[in-house]
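The values are calculated or read from the model by the stated rules, or taken from the named source; none is laboratory data. Since the structure is predicted, the reported quantities are computational estimates derived from the model, not experimental observations. We place every Cβ from the backbone using ideal geometry, glycine too, and count neighbours over all the protein chains shown. When the accessible area is computed, the model is the full protein with side chains, heavy atoms only, and any ligands, DNA or RNA have been set aside. Shrake-Rupley method; radii C 1.70, N 1.55, O 1.52, S 1.80 Å.
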Amino acid sequence: MIPAELLAKYPLPREELLAGVEAALTRTLGAALGLCIQVRINSPLEILAWSRDPGDPRDPQPLDPSRFSRQLRRQLLYQVERELQRRQTLHDWQGLRVLRGQALPGEILRRRGDGRLHVALEIAEGFSGQVLLGECPPRAQPPHERPRYRPGEVLEFLVTSVLPVESRGLAKILIRLSRVSGALPEAMLRAHTGRGDIRCRRRVAGAFSDLTATSSVPREAIRAVGAELKERIRIHVVSQESP
């Protein structure tokens, strides 16, 4: 009843895959038939139904999926796919949420009428070279940059949040980005140097960023970040005891 190609679209753990199919069939059949439903993903598929009258002697009643109407079968497949897509999104989010706070290169795909940028992020390390879609709202864009954004341009963005959301009945992962956060030069310098002691204490996007570190930072890293952000990067060396 459930096509193998549909199940193959969602690389979930087997237990999660079967649980999703069971949940969708149980929910949809219960609503369509007005019965209490139990689904067992055996071979063949086993569906048992109970009436809502606890004294009904016919309970439980086995249901034969081959006798379902074409319309009901279509609805069942539609709901199974929605459930698996939702579970796949949550499964992916568990891994992708570690991206929050990282600086990543992104290619601008387009700018929407409301000013939002749609950005393709290429995630290499640990994610098999996935390309994810991110969104940078106008408030997260430096005002001096907004008129100059062009499709195909590659810039560094800070990942500010990774959220599972639902839009028009479909689950997806929403990755929000920023070009104005003080955490962007901080994250970029950490990526260049591998150090965790770098902190941004003040930034005016497009003008300067004031950062602190417990020892000097290589000049080539400072120059690279300053060139990307087109602003002056100032490093203040402080002792580890300093606030």
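May I ask you to list pairs of residues, at least six apart or on different chains, whose Cβ atoms are under 7 Å apart, with the first in region 41-56 being aliphatic (A, V, I, L, M) and the second being at pLDDT below 85 and in a loop (DSSP other than H, G, I, E, B)?
Listed by first residue and then by second, the contacts come to Leu45/Met1; Leu48/Pro60; Ala49/Leu35; Ala49/Pro60.
Kindly establish whether Glu135 is among the acidic types (Asp, Glu), touching a His at 6+ places or on another chain (Cβ under 7 Å) and free of Cβ contacts under 8 Å to residues at least 60 places away in the same chain.
Here the answer is yes, as Glu135 does meet what is asked.
How about region 167-211: which of its residues are touching a strand residue (DSSP E or B) at 6+ places or on another chain (Cβ under 8 Å) and surrounded by fewer than 17 Cβ atoms within 10 Å (Cβ to Cβ)?
Listed by number, the residues that qualify are Leu174, Ala191, Arg195, Asp197, Arg201, Arg202, Ala207, Phe208.
Taking the residues in region 225-237 that are open to solvent by 40 Å² or more (accessible area, probe 1.4 Å) and among the aliphatic types (A, V, I, L, M) as candidates, determine which candidate is nearest to the chain's Cα centre (by Cα).
Across region 225-237, the extreme among qualifying residues is Ala227.
When Ser215 is evaluated against the numbered criteria (1) in a loop (DSSP other than H, G, I, E, B); (2) among the hydroxyl-bearing types (Ser, Thr, Tyr); (3) within 28 Å of the chain's Cα centre (by Cα), which criterion, by number, is the only one it fails?
It fails just one condition, (3).
Does Ala31 satisfy the condition of being open to solvent by 80 Å² or more (accessible area, probe 1.4 Å) and either of a type in the set (A, V, I, L, M) or not in a loop (DSSP other than H, G, I, E, B) (or both)?
yes
Restrict the check to region 163-170 and report whether at least one residue is farther than 30 Å from Glu81 by Cα and either in a helix (DSSP H, G or I) or touching a residue at least 12 places away in the same chain (Cβ under 8 Å) (or both).
For region 163-170, residues farther than 30 Å from Glu81 by Cα and either in a helix (DSSP H, G or I) or touching a residue at least 12 places away in the same chain (Cβ under 8 Å) (or both): absent.
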